[in-house]
Amino acid sequence: MIGCCADSGDIPALEKTPRLDFIELPVAKALTGSPEEFEQLAAVMEQSNLAARAVNVFLPATFKVVGPDVSADRLSDYAAATLDRARRLGVAVLVFGSGASRAVPAGFPRERAFDQFEEAVRVVNDLASSRGVTVGVEPLHSEETNLLNSVGEAAGFLRERGLDGVRLVADLWHMQCEGEDLGVLDGLGDLVVHAHVAAAERLAPGQAEDRIEPFLRHLRQSGYRGACSIECKWSDLASELPGAVTRVREAAAAAGWQTA
């Protein structure tokens, strides 16, 4: 399955793109509005030929889950409300990136920060699992956060902390920013739940060189059988998206994925 990360306002353009399977919506924009706004989105998605398979941008930058001012109760209330809406849309995966929210403040003990993030993930996972949604922690490159920057580090964190049921999101662009070897994906097929791809400079696939094929090949060989979203910077979504989908499908086919 090939999808696209986009705002709800982009749905008309997305629906016109041949062979696009799903949309990945931003929680902080799509699922936190008024009840009336959400009902409008739900109605659009119900009529759409696209599934809302995943959601990302889980927390606003000002919603801290690491540092001196965190609240498990506030997080629980926020997560429960947004996950109820996600379930209404049929969402299967919640991408937990939110780099600013988990950034460790200067002078704050890093071990305490890891403990806090573990607690936050547990709170969200308990609520998500009861709603049939899988949480995927997304490693983000070091210009976006200073906690869990690589796939290898994030995988170790999930396993060492015994976060059963919580999975991992593999993002090609973040891996490239950190200079992480794609071989780290080997053996993680049981842990990866979702994938993101983009071309160089985070441009749309087809607009620049990319390493999408070897990335998808490593995932395939590791046993991963999930979906892949295009997450990039669009100059013109409507004109670039068809070529981007074609490029990702060609790379997936070359890597041994069954994408038809």
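The values are calculated or read from the model by the stated rules, or taken from the named source; none is laboratory data. Fair warning: this is a prediction, and the values are worked out from it, not measured in the lab. Heads up, the Cβs are rebuilt from the backbone with ideal geometry, glycines too, and the neighbour counts pull from every protein chain shown. The accessibility values were calculated without ligands, DNA or RNA, using every heavy atom of the protein model including side chains. Shrake-Rupley method; radii C 1.70, N 1.55, O 1.52, S 1.80 Å.
Considering only the range 176-183, I want to know if a residue exists there that is more than 19 Å from Ile2 (Cα to Cα) and modelled with pLDDT under 95. Working first, answer last.
Here is the first cut: in the range 176-183, the residues more than 19 Å from Ile2 (Cα to Cα) are 176-183.
Still in the list and also modelled with pLDDT under 95: none.
Taking every residue of the range 176-183 in turn, none turns out to be more than 19 Å from Ile2 (Cα to Cα) and modelled with pLDDT under 95.
Of the residues Thr259, Thr246, which is over 19 Å from the mean Cα position of the chain (by Cα), among the β-branched types (Val, Ile, Thr) and either modelled with pLDDT under 95 or on the phi > 0 side of the Ramachandran plot (or both)? So that I can check it myself, show each step before the final result.
Values: Thr246 fails: either modelled with pLDDT under 95 or on the phi > 0 side of the Ramachandran plot (or both).
Every option except Thr259 fails the conditions.
For residues that are touching a Gly at 6+ places or on another chain (Cβ under 7 Å) and open to solvent by 10 Å² or more (accessible area, probe 1.4 Å), scanning just the range 190-206, find the one that is nearest to Ser142 (Cα to Cα).
Ranking the qualifying residues of the range 190-206, first place goes to Val193.
In the range 28-56, which residues are acidic (Asp, Glu) and within 10 Å of Leu89 (Cα to Cα)? Let's see the steps before the verdict.
Step one: of the range 28-56, the residues acidic (Asp, Glu) are 36-37, 39, 46.
Passing the criteria: only Glu46.
Condition (residue is more than 30 Å from Leu20 (Cα to Cα) and either open to solvent by less than 50 Å² (accessible area, probe 1.4 Å) or not aliphatic (A, V, I, L, M) (or both)) applied to the range 78-93: is it met by at least one residue?
Quick first cut of the range 78-93, residues more than 30 Å from Leu20 (Cα to Cα) only: 78.
Now narrow it down to the ones that are either open to solvent by less than 50 Å² (accessible area, probe 1.4 Å) or not aliphatic (A, V, I, L, M) (or both): 78.
Yes, the conditions are met somewhere in the range 78-93.
Does Gly97 count as at pLDDT 95 or above and open to solvent by 10 Å² or more (accessible area, probe 1.4 Å)?
Judged against the criteria, Gly97 is not a match.
Looking at the range 7-16 only, could you name the residues that are in contact (Cβ under 8 Å) with a residue 24 or more places away in the chain and open to solvent by 10 Å² or more (accessible area, probe 1.4 Å)? Spell out the reasoning first.
Here is the first cut: in the range 7-16, the residues in contact (Cβ under 8 Å) with a residue 24 or more places away in the chain are 8, 10-11, 13-16.
Those that are in contact (Cβ under 8 Å) with a residue 24 or more places away in the chain and open to solvent by 10 Å² or more (accessible area, probe 1.4 Å): Ser8, Asp10, Ala13, Glu15, Lys16.
Of all residues in the range 125-173, which are more than 22 Å from Val197 (Cα to Cα), in a helix (DSSP H, G or I) and either in contact with a strand residue (DSSP E or B) (Cβ under 6 Å, 6 or more places away or on another chain) or open to solvent by 50 Å² or more (accessible area, probe 1.4 Å) (or both)?
Answer for the range 125-173, where residues must be more than 22 Å from Val197 (Cα to Cα), in a helix (DSSP H, G or I) and either in contact with a strand residue (DSSP E or B) (Cβ under 6 Å, 6 or more places away or on another chain) or open to solvent by 50 Å² or more (accessible area, probe 1.4 Å) (or both): Asn125, Asp126, Ala128, Ser129, Arg159, Glu160.
Tally the residues that are touching a Lys or Arg at 6+ places or on another chain (Cβ under 9 Å), free of Cβ contacts under 8 Å to residues at least 60 places away in the same chain and either open to solvent by 20 Å² or more (accessible area, probe 1.4 Å) or more than 27 Å from Phe117 (Cα to Cα) (or both), restricting the search to the range 19-44. Don't jump to the end; show me each part of the working.
The initial filter retains those residues of the range 19-44 that are touching a Lys or Arg at 6+ places or on another chain (Cβ under 9 Å), namely 19, 21-24, 27, 30-32, 38, 41-42.
Applying the additional criterion that residues be free of Cβ contacts under 8 Å to residues at least 60 places away in the same chain yields 23, 30-32, 38, 41-42.
Applying the additional criterion that residues be either open to solvent by 20 Å² or more (accessible area, probe 1.4 Å) or more than 27 Å from Phe117 (Cα to Cα) (or both) yields 23, 32, 38, 41-42.
Residues flagged as touching a Lys or Arg at 6+ places or on another chain (Cβ under 9 Å), free of Cβ contacts under 8 Å to residues at least 60 places away in the same chain and either open to solvent by 20 Å² or more (accessible area, probe 1.4 Å) or more than 27 Å from Phe117 (Cα to Cα) (or both) within the range 19-44 amount to 5.
Please list, ordered by first then second residue, the pairs with beta carbon atoms under 8 Å, 6 or more apart or interchain, first in the range 207-229 and without any contact (Cβ under 8 Å) to a residue 24 or more places away in the chain and open to solvent by 40 Å² or more (accessible area, probe 1.4 Å), second in a helix (DSSP H, G or I) and aliphatic (A, V, I, L, M).
If the second residue must be in a helix (DSSP H, G or I) and aliphatic (A, V, I, L, M), the pairs left are Glu209/Ala200.
Determine whether Val104 is open to solvent by less than 50 Å² (accessible area, probe 1.4 Å) and of a type in the set (A, V, I, L, M, F, W, C).
yes
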